[in-house]
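What follows is one structure encoded as structure tokens, with my remarks underneath.
The values are calculated or read from the model by the stated rules, or taken from the named source; none is laboratory data. Because the structure is predicted, anything quoted here is derived from the model rather than measured. Here the Cβ positions follow ideal geometry from the backbone for every residue, glycine too, while neighbour counts run over all protein chains shown. To get the accessible areas, we keep the full protein, side chains included, count just its heavy atoms, and leave off ligands, DNA and RNA. Shrake-Rupley method; radii C 1.70, N 1.55, O 1.52, S 1.80 Å.
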Amino acid sequence: MQSFDFHTHDLSSTGIWNLPSDETPNSVGYFSAGLHPWFLEENWKEQLQKVKTLSKQDNCLAIGECGFDRLRGPSISIQQAAFEAQAETAEELDIPIILHCVKAHDLVLAYLKNHKNPPSIIWHGWNLKPHLASQLLEFPVYFSFGKALLNANSNASNWLKACPSDRIFFETDDASLGIDSIYEAASLILVRPVENLRKQVVENWNQISSRKIK
Ligand SMILES: [Zn+2]
């Protein structure tokens, strides 16, 4: 079994390729489609139509990355509206959201508290303090761990140790390293064989999505 990369900008990694807005997906590889908060424009509702069309393809496994960023992008009210619209699409299709979130944990929590049936949300590149993660466990929130696991003292490494194992995923994002190195780091932290982690995360995915990883 290969190491599955749950969020990558590198088309050559085996996993879910984050589709750039100016690209079209091929018909076989898995991808995610969404409106990144950095690039939201006035006409985001038109951009959303394209995402909706793409998301009808069976190999579109998730909506995203999308979410909130207090350091970059348009006003928070636009980010919220675009996120909620995309979350609705994910919920309709019964597929997860890949969440980008920078300095906006409170906005995610507020969204979850105000929505009865949120889609599963995979917080990508998790590297915040473990107590902030604990606050999310009562909701369908999952944690995707990336290069921060290479530092044994990072928040990511500390949370991975405590996180329920059915909430974990692994990713390279835009880091120029192979996905195997992330699984190997996780294997050392959790004292579990890599092969066992590979199976775990694919099972995790197949539990929460109508579109399965084969
Ligand atoms: Zn990314």
Which pairs do you get when a residue that is at positive phi, found in the range 9-26, comes within reach of a residue that is open to solvent by less than 30 Å² (accessible area, probe 1.4 Å) and not hydrophobic (A, V, I, L, M, F, W, C), reach meaning Cβ atoms under 6 angstrom, with the pair 6+ apart or on two chains?
-> G15/D5; G15/T8
Given (1) of a type in the set (V, I, T); (2) part of a helix (DSSP H, G or I); (3) in contact with a helix residue (DSSP H, G or I) (Cβ under 7 Å, 6 or more places away or on another chain), where does I213 come up short, assuming only one miss?
-> (2)
Looking only at residues in the range 113-136 that are among the polar types (S, T, N, Q) and part of a helix (DSSP H, G or I), which one is nearest to A162 (Cα to Cα)?
-> S134
In the range 127-177, what residues are open to solvent by less than 60 Å² (accessible area, probe 1.4 Å), within 16 Å of the ligand (Cβ to nearest atom) and in contact (Cβ under 8 Å) with a residue 60 or more places away in the chain?
-> Y142, S144, G146, F169, F170, E171, T172, D173
For the range 102-126, what are the residues that are surrounded by fewer than 23 Cβ atoms within 10 Å (Cβ to Cβ), out of contact with any Lys or Arg (no Cβ under 9 Å at 6 or more places or on another chain) and touching a residue at least 12 places away in the same chain (Cβ under 8 Å)?
-> H105, V108, L109, Y111, L112, H115, N117, P118, S120
Test L40 against the stated conditions and say whether it is buried (at least 17 other Cβ atoms within 10 Å of the Cβ), over 13 Å from the mean Cα position of the chain (by Cα) and among the aliphatic types (A, V, I, L, M).
-> yes
In the range 178-200, the residues that are in contact (Cβ under 8 Å) with a residue 12 or more places away in the chain and among the small types (G, A, S) | G178, S181, A185, A186
Residue check for S181: assigned to a helix (DSSP H, G or I) and more than 16 Å from the ligand (Cβ to nearest atom) = yes
In this structure, does F68 turn out to be open to solvent by less than 50 Å² (accessible area, probe 1.4 Å), modelled with pLDDT of 95 or more and away from the ligand (no atom under 16 Å from the Cβ)?
-> no
